[in-house]
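Engineer: First, the structure itself, so that you have it in front of you.
The values are calculated or read from the model by the stated rules, or taken from the named source; none is laboratory data. All of these numbers come straight from a predicted model, not from anything done at the bench. When we count neighbours, we look across all protein chains shown, and the Cβ atoms used for this are built from the backbone with ideal geometry, even at glycine. We work out accessible area using only protein heavy atoms, side chains counted, and drop any ligands, DNA or RNA first. Shrake-Rupley method; radii C 1.70, N 1.55, O 1.52, S 1.80 Å.
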Amino acid sequence: MIDMLETRAIGASLERMDGKLKVMGTAPYAFEHRLERPAYLHPVQATIARGRIRKIDTAAAESVEGVIAVITHETAARLASDENKELWVLQSDEVHFRGQFVAAVIAETPESARHAADLVRVEYQPAPHDVSFRADRKDLYAPKAVNAGYPTDTDHGDAETAFEAAEVKVDSTYTTPMEHNSPMEPHTTVALWEPPKLTLFDSTQSVHSVRATVAKTLGLEVEQVRVVSPYVGGGFGSKGEPHAHNILAALAALRAPGLAVKLALTRQQMFCLAGYRTPTIQRFRLGATRDGRLTSIIHDVVELTSRFREFAEQTAVPTRLMYASPNRRTRHRLAALDLPKPSWMRAPGETPGMFAGEVAMDELAVACGLDPVELRVRNEPECDPESGKRWGNRHLVECLREGARRFDWSRRDPKPRQRAEGHWLVGTGVASSTYPRYVLMGSRATIRVGEDGRYTVLIGAADLGTGTWTALAQIAADALECPVEAVGLEIGDTDLPNATVAGGSSGISSWGWAIVAAARELRRLHGSRPPMGAEASAQTPKPADDDKLAQHSFGAQFAEVRVNAETGEVRLSRMLGVFSAGRIINPRLARSQFIGGMTMGLSMALHEESVVEERFGHVVNHDFAGYHIACNADVANLDAVWLDEVDDRSTPMGSRGIGEIGIVGAAAAIANAVYHATGRRVRDLPITPDKLMT
Ligand code: MOS
């Protein structure tokens, strides 16, 4: 008999399987794989924001002891595809942004590579650059679509007229700064060219998309390229697609066959070469009846893209589904600037968009004299306002009510600036969270039966530090009805079956579904006790209900802050997130994901801001001395809980994905708490002391 307690692997708070290896330092990160004949690559970066390279003198660099080669746009191998201009590395004399790769040195030691890179002399023909991000620019344009394929603009009813006629109005502009993902492990590629085979040891959220993109860019067959990435020290979206460093490392490898050419970006290089979150300027208008029923929602977003390649963040997309209103309008407009390309950063779209929308809702609650929880409940839509589909599992109201109960919300004085403890003004705030349930097509899992009823599960999935190693083993054990110890998992290698990106909180949903499908196939072929040597393989199927159901996760965030009345310093003293995210595969790891997201939201609310210097066109605070991220001392009593829920219509595991929802709404809850503490409405992130003192 199979022990049912043992087989119920989903829902168990197992410790992370990779934890011990990481603590002992034996889990190899990209730079650390033991390889024979290593070489080191150090890039040379553009010192102008726009223009052309007139001349590059590499003689001094080449004469440094230990230098193997210097590559420039004149000497690097020619690439095959310029479809992605970010990856068009060392192919022309054009400079698109300050910090762009213009040359690189391959050497026997990192020190000689770096020293020689300093000796490369580049003469430029500068052209005027423009990095000025403003909403009043005359050249703002509407992209064809925004990230993840959403429409740029939507219109329902006549939002302008309804807003003008509304009994109560909020008309506010919110701004969020440029932010950098800043994972602890830098972006790293080790490239080894052993013709005809190119191997990349990479730090990535998707080995298979790195392989496909690198092969296409270099003009190689995908079978010629192998990407290995078993352990990743964070990504937050910045490792979701290959960047220029992947190609630079590959070009260096082509130049030095047989050598394992190692490139790890420095922290400072990561501020111009690894993506970032666009700054936003968001005008939010809400019209409502006196009793707080929305009659109009208007969300106009301005954000930036690089001039050489477009990225359009889907900032207004969550506004399309949060609340009921007969009239609604959303817009995205872009300023194309001479900056690096913005990219994904934890919940692109939802994160900045819900900051604006959920502070606007707080302003509306104040204007209507309504409790902010009650205002949200009153505007709960019966079906998805955008598509008209039924909700798969919308439990926002339960999250708000449960959070209010746990946070002792009923004792809150509705008026701001009513509580003080010494010099500290105390206030609380609430905001909603949401994130879509994405399942991506294209993952495949293979299960092999070994000795003693052991299984090997193969899928090229990624673990960014999020818990994939553990959660997928639990899912497999559940589907195979075996103890989790009987499952051997292999991930993070393109030699394994294809896996989609660890992005959009879609990883566990997509890969887990492929594993469940493969387990079912194995049983169909071989019964519930498959013999040694048996094997089955299956792909993630297309979710059956997606034409009928709107599948999203929801949550409610409650924050308590203390604001120093003398200095304007804000301390978060207490925060609670209540989430509805389907079935929780591993409570221990899920809590860490939720709290991690909330901490990143706290960081966004109070600390993070990349400052672009307009004269030179680069981020001046490009290190951890200047770019502040919440650390342990900033985090007080943070907790996350979730509704007990099994969502079988979202995935066969009943789960929906948890990587991103924790950040969504967190900054708004904190900003709303700062208003409640002080009576001051700060609409511009981060909420630094100067904004409260002036
Ligand atoms: Mo996440 S920003 O979709 O990797």
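Engineer: Identify, among 423, 204, 187, the residue whose Cα sits farthest towards the positive end of the charge dipole of the chain, taking +1 on the Cβ of Lys and Arg and -1 on the Cβ of Asp and Glu, with the dipole about the Cα centre.
Structural biologist: Checking the options against the dipole of the chain, the answer is 423.
Engineer: Oh, and also: Please list, by residue number, everything in the stretch 384-414 whose backbone N is under 11 Å from a paramagnetic label point 7 Å out along Cα→Cβ of residue 548.
Structural biologist: Of the residues in the stretch 384-414, 390 have backbone N under 11 Å from the label point off residue 548.
Engineer: Which log10 I(q)/I(0) values, to two decimals, does the stretch 440-539 give at q = 0.13, 0.18, 0.20, 0.22 Å⁻¹ under the Debye formula with one point per Cα?
Structural biologist: For the stretch 440-539, the Cα-only Debye profile gives -0.37, -0.72, -0.88, -1.06.
Engineer: All other residues with a Cβ under 11 Å from the Cβ of residue 523 taken together, and with Lys, Arg as +1 and Asp, Glu as -1, what is their net charge?
Structural biologist: After counting each charged neighbour, the total is +1.
Engineer: Bin by bin, in steps of 20 Å, what percent of the Cα pairs in the chain do you find, going until the bin that has the longest distance?
Structural biologist: 18, 49, 30, 3
Engineer: Given the whole protein assembly as supplied and a 1.4 Å probe, what does the accessible area of residue 158 come to in Å², nearest 10?
Structural biologist: 80
Engineer: Quick check on my link table: of 389/542; 216/239; 169/691, which ones sit more than 20 Å apart, alpha carbon to alpha carbon?
Structural biologist: The answer is 169/691.
Engineer: What is the Cα radius of gyration of the stretch 339-469 over 2.2 N^0.38 Å, N being its residue count?
Structural biologist: The value comes to 1.57.
Engineer: Kindly state, to the nearest 0.05, the FRET efficiency for residue 37 paired with residue 132, given R0 = 51 Å and r defined as their beta-carbon distance.
Structural biologist: Working from the Cβ atoms, E equals 0.60.
Engineer: In the stretch 220-302, what trypsin sites (Lys or Arg not before Pro) fall in a loop by DSSP, with at most 14 other Cβ atoms inside 10 Å?
Structural biologist: 290
Engineer: What is the magnitude of the charge dipole of the stretch 152-272 about its Cα centre, with +1 placed on the Cβ of each Lys and Arg, -1 on the Cβ of each Asp and Glu, and no other charges, expressed in debye to the nearest 20?
Structural biologist: Charge dipole of the stretch 152-272: 1240 debye, to the nearest 20.
Engineer: How many angstrom separate the Cα center of the stretch 93-160 from the Cα center of the stretch 364-391?
Structural biologist: Distance between centres, Cα-based: 39 Å.
Engineer: Cut-off 12 Å, label point 7 angstrom out along Cα-to-Cβ of residue 420: give me the residues of the stretch 667-681 whose amide nitrogen falls inside.
Structural biologist: 678
Engineer: Dipole size in debye (nearest 20) for the chain around its Cα centre, Lys and Arg Cβ +1, Asp and Glu Cβ -1?
Structural biologist: Magnitude of the dipole: close to 640 debye.
Engineer: What is the distance, in nm, between label points placed 7 Å from the Cα along the Cα-to-Cβ direction at residue 495 and at residue 184?
Structural biologist: So the two model labels end up 2.8 nm from each other.
Engineer: On full extension of the chain, what length is gained from residue 564 through residue 118, given 0.36 nm per residue of separation minus the C-alpha to C-alpha distance?
Structural biologist: 155.9 nm
Engineer: Right, another one. Of all the stretches in the chain, which is the longest one without any exposed loop site, taking GluC sites (Glu not before Pro) in a DSSP loop (any state but H, G, I, E, B) with at most 14 other Cβ atoms within 10 Å?
Structural biologist: Value returned for the longest uninterrupted segment is 383-565.
Engineer: Can you compute the helix-only [θ] at 222 nm over the chain? Use -39500 (n - 2.57) per DSSP H run of at least 4 residues, normalise by all residues, nearest 500 deg cm²/dmol.
Structural biologist: Value at 222 nm, helices only: -7500 deg cm²/dmol.
Engineer: Hey, another quick one. Would you mind pulling out the separation of the Cα centroids of the stretch 532-595 and the stretch 331-348, in Å?
Structural biologist: Spelled out, the Cα-based centre of one part sits 24 Å from the other.
Engineer: While we're here: So between residue 573 and residue 222, what do we pick up on full extension, going 0.36 nm a residue minus the alpha carbon distance?
Structural biologist: 121.2 nm
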